[in-house]
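Shown next, in structure tokens, is the structure this report addresses.
The values are calculated or read from the model by the stated rules, or taken from the named source; none is laboratory data. Note that the structure is predicted; figures quoted are calculated from it, not measured. Note that each Cβ is placed from the backbone with ideal geometry, even for glycine, and that neighbours are counted across all protein chains shown.
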Amino acid sequence: MNYWLIKSEPHKYSWEQFNKDGKTFWDGVRNYQARNNLREMKTGDLVLFYHSNEGKEVVGIAKVVGESYQDPTTEDTNWLVVDFAPVEPLKKPVTLAQIKAEQSLKDIALIKNGRISVVPLKAEEFDKILEMGS
């Protein structure tokens, strides 16, 4: 199993809306590195849902329920989507400031590749953020 973090601006697509929808495809990715990360996702992988720009915090856990396919919002075959479903919210959100302050997360892709909307996580990084959010 692999672990990931996906970012969404809450005014565009929030954790609350994701839960109402029950499932979504992650569209609009227009960065090649993020696209390549989507391509690597496998059904069952776990994903942290991060509110970017507003809040700047990890708010929940999702899972991959459908592997990559052509983004239906564009005719450009370079872009992909992946299907996700919510698993559960974190008991308390984990802020970017908390993540930056945690020594064991100093190399996390969220910080190293701050502009990328889909990043891989190591299992220990994923577990540490879950621990911080419990």
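Brief remarks on what is shown
- Listed by first and then second residue, the pairs with beta-carbon distance under 8 Å, at least 6 apart or on different chains, first residue in segment 30-51 and within 16 Å of Glu125 (Cβ to Cβ), second in a strand (DSSP E or B) and of a type in the set (Asp, Glu), are Tyr50/Glu57.
- Of the residues screened, Asn19 is not one that is more than 19 Å from Pro93 (Cα to Cα) and surrounded by 13 or more Cβ atoms within 10 Å (Cβ to Cβ).
- Selected residue [aromatic (Phe, Trp, Tyr), touching a residue at least 12 places away in the same chain (Cβ under 8 Å) and within 23 Å of Glu131 (Cα to Cα)] from Trp26, Trp4: Trp4
- Per the conditions (1) in contact with a His (Cβ under 9 Å, 6 or more places away or on another chain); (2) under 19 Å from Leu121 (Cβ atoms), the sole criterion not satisfied by Ser14 is (2).
- Residue, modelled with the lowest pLDDT, within segment 24-34, restricted to residues that are under 14 Å from the mean Cα position of the chain (by Cα) and assigned to a loop (DSSP other than H, G, I, E, B): Gly28
- Taking segment 52-80 as the range and being without any contact (Cβ under 8 Å) to a residue 12 or more places away in the chain and either in contact with a Ser or Thr (Cβ under 7 Å, 6 or more places away or on another chain) or within 18 Å of Pro10 (Cα to Cα) (or both) as the test, only Gln70 passes.
- So Asn37, is it among the polar types (S, T, N, Q) and under 14 Å from the mean Cα position of the chain (by Cα): yes
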